[in-house]
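See below for the structure under consideration.
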Amino acid sequence: MNTARLRRLGRRLVELSMSTSDEGKPMFTPGEEAVFEDVLRHPGSTVGEIRARTGFAQSHVSASVARMRERGLLATEPDPDDGRRTRVRVPDTTVQALFRRATTPVTEVVRRAVPDEADAERAVTLLTELEALLVTDGD
């Protein structure tokens, strides 16, 4: 395997993981995903704080937060210390939905991608081995 094939494999694995989302469409755009992950790691952040950590323009962060808030993926509330600022957090319902999605076994997704049952089982076994080798607790 070379770097180009590794990248193709990585993209294919991302496609398969995204296909587990509701209605087969991704939950986030790539920009929204970066903003969401930042809010998940830093609950109660302001748009300015998210902008500083992600490197996105403030307008991009504000628009992403607004879209995700409309879809119920993020919640906002006024900053108790400064009413002009807004604090952003991930609601518990979103965390629970993400947990359910993240803990869904990949067997069915792999079976759809690899029609031969024996090959699909082997693919799941290999993915499990790769996870053990390449994904650390800190990831």
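Considering each of Ala123, Ala97, Ala118, Ala63 in turn, give the residue that is small (Gly, Ala, Ser) and buried (at least 17 other Cβ atoms within 10 Å of the Cβ). So that I can check it myself, show each step before the final result.
On the way: Ala97 fails: buried (at least 17 other Cβ atoms within 10 Å of the Cβ); Ala118 fails: buried (at least 17 other Cβ atoms within 10 Å of the Cβ); Ala63 fails: buried (at least 17 other Cβ atoms within 10 Å of the Cβ).
After ruling out the rest, the residue left standing is Ala123.
Taking Ala63 as the residue in question, decide whether it is over 16 Å from the mean Cα position of the chain (by Cα) and either assigned to a helix (DSSP H, G or I) or modelled with pLDDT under 95 (or both). Judged against the criteria, Ala63 is a match. Within the option set Ala123, Ala75, being among the hydrophobic types (A, V, I, L, M, F, W, C) and out of contact with any strand residue (DSSP E or B) (no Cβ under 9 Å at 6 or more places or on another chain) holds for one residue only, Ala123.
Filtering segment 71-127 to residues that are small (Gly, Ala, Ser) and in a strand (DSSP E or B) leaves only Ala75. Which of the residues spanning segment 100-115 are surrounded by 10 or more Cβ atoms within 10 Å (Cβ to Cβ) and within 22 Å of the chain's Cα centre (by Cα)? Matches in segment 100-115: Arg101, Thr104, Val106, Thr107, Glu108, Val109, Val110, Arg112, Ala113.
When Ala52 is tested against (1) farther than 19 Å from Leu13 by Cβ; (2) touching a residue at least 12 places away in the same chain (Cβ under 8 Å), just one condition goes unmet, and that condition is (2).
The values are calculated or read from the model by the stated rules, or taken from the named source; none is laboratory data. Keep in mind that what you see is a predicted model, and the values were worked out from it rather than measured. Heads up, the Cβs are rebuilt from the backbone with ideal geometry, glycines too, and the neighbour counts pull from every protein chain shown.
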